[in-house]
Amino acid sequence: MPKAANEKMGKTRILAVDADGRTTRIKAERLEIELGDGRRLLLSLPGEPWGDLEIEADCAGEDAVPLLSLQPAACNVLTLRVDLQHGLLPVEEAEPIDLPQGDSPPVLKLAVQKAVEGVDKANAPKKHAIRRWAQAALLRDAEVTVRLVGEAEGRELNRGFRGKDYATNVLTFVYGEGEAMPAAGEGSEGGHGPLAGDLVLCVPVVVREAAEQGKTLEAHFAHLVVHGMLHLQGHDHENEADALEMEKLETDILGGLGYADPYA
């Protein structure tokens, strides 16, 4: 097959069309559409023709929850609407139903907090990327908050919870049976019941490490999110056998995401 034809088949093409029908070709992996009133629609585009198109609603403030609704407008047209729900969502009681048994992927409830400004904010990964990395490492249903922080907060948390007076790349807090169990790049296993926890990523530390190790910033962030998620779910590396097992699992997960072996 000619190279040009192969490239045409292997890449997503984006054309922007104005009111007069004029088209402009755009090169992008993700589109962010501002809808007004703080509403945003985020489109993550597949790199290959058989990939998935990810659609995410977002909002500028933290006091509202973005809601997506979908309606058929014609036999070949769907209407997508983004609304903001302020306050808690209403909960309606429903009769229990018997669902068919079978394997289903674990559910991730993810919140991302960005406590960074300036260059740290520019270097911080996007929420859709964090979700992709965390979901890939998810072994069971979990509710996770990922907090992106600067050097000062990273150092304060590491000193307060671990007694170490420096900022580290990732801190994992596992909530179980009413207690928070912190660790830095080392994880900790919480109690029984629903899995919940926090991952704290110190952006400037991750940036420095990526440069020192000759890795892309994206690949290093992906590794630390996967690493933290595995700690959150009980994996550890206190001894050599556990460390080798965890490293292999991380390498396999990152390979599935398209990243090189972080330990090579």
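Go over the candidates 152, 210 one by one and state the one that is among the small types (Gly, Ala, Ser), more than 18 Å from the chain's Cα centre (by Cα), more than 28 Å from residue 257 (Cα to Cα) and modelled with pLDDT of 95 or more. Reasoning before the result, please.
Details: 210 fails: more than 28 Å from residue 257 (Cα to Cα).
Matching residue, one of 152, 210: 152.
What number of residues within the range 219-242 satisfy the criterion of being in a helix (DSSP H, G or I) and either among the basic types (Lys, Arg) or loosely packed, with under 14 Cβ neighbours inside 10 Å (or both)?
3
For the condition modelled with pLDDT under 75, under 25 Å from residue 125 (Cα atoms) and out of contact with any Lys or Arg (no Cβ under 7 Å at 6 or more places or on another chain), what is the one hit in 84, 67, 78, 99? Walk me through it before giving the result.
Working: 84 fails: out of contact with any Lys or Arg (no Cβ under 7 Å at 6 or more places or on another chain); 78 fails: under 25 Å from residue 125 (Cα atoms); 99 fails: under 25 Å from residue 125 (Cα atoms).
After applying the criteria, what remains is 67.
Tally up the residues in the range 243-264 that are surrounded by fewer than 20 Cβ atoms within 10 Å (Cβ to Cβ) and in a helix (DSSP H, G or I), please.
11
Considering only residues that are part of a loop (DSSP other than H, G, I, E, B), closer than 23 Å to residue 134 by Cβ and not small (Gly, Ala, Ser), which ones fall in the range 163-176? So that I can check it myself, show each step before the final result.
Going through the range 163-176, the residues part of a loop (DSSP other than H, G, I, E, B) turn out to be 163-169.
The next check asks that each one be closer than 23 Å to residue 134 by Cβ; those that pass are 167-169.
Across the range 163-176, the qualifying residues are 168, 169.
If you go through the range 106-128 one residue at a time, how many are surrounded by fewer than 13 Cβ atoms within 10 Å (Cβ to Cβ) and part of a loop (DSSP other than H, G, I, E, B)?
Qualifying residue count, the range 106-128: 3.
Being in contact (Cβ under 8 Å) with a residue 12 or more places away in the chain and either in a helix (DSSP H, G or I) or of a type outside the set (Lys, Arg) (or both) is the requirement here; does residue 160 meet it?
Numbers: in contact (Cβ under 8 Å) with a residue 12 or more places away in the chain: no; either in a helix (DSSP H, G or I) or of a type outside the set (Lys, Arg) (or both): yes.
No.
Give me a count of the residues in the range 192-218 that are of a type in the set (Gly, Ala, Ser) and surrounded by fewer than 17 Cβ atoms within 10 Å (Cβ to Cβ). Break it down stepwise before answering.
Start the filter on the range 192-218 by keeping residues that are of a type in the set (Gly, Ala, Ser), which leaves 193, 196-197, 210-211, 214.
Now narrow it down to the ones that are surrounded by fewer than 17 Cβ atoms within 10 Å (Cβ to Cβ): 193, 211, 214.
Summing the residues that are of a type in the set (Gly, Ala, Ser) and surrounded by fewer than 17 Cβ atoms within 10 Å (Cβ to Cβ) in the range 192-218 gives 3.
The values are calculated or read from the model by the stated rules, or taken from the named source; none is laboratory data. No experiment lies behind these values; they were computed from the predicted model shown. Quick reminder, even Gly has a Cβ in these numbers, built from the backbone with ideal geometry, and neighbours come from all protein chains shown.
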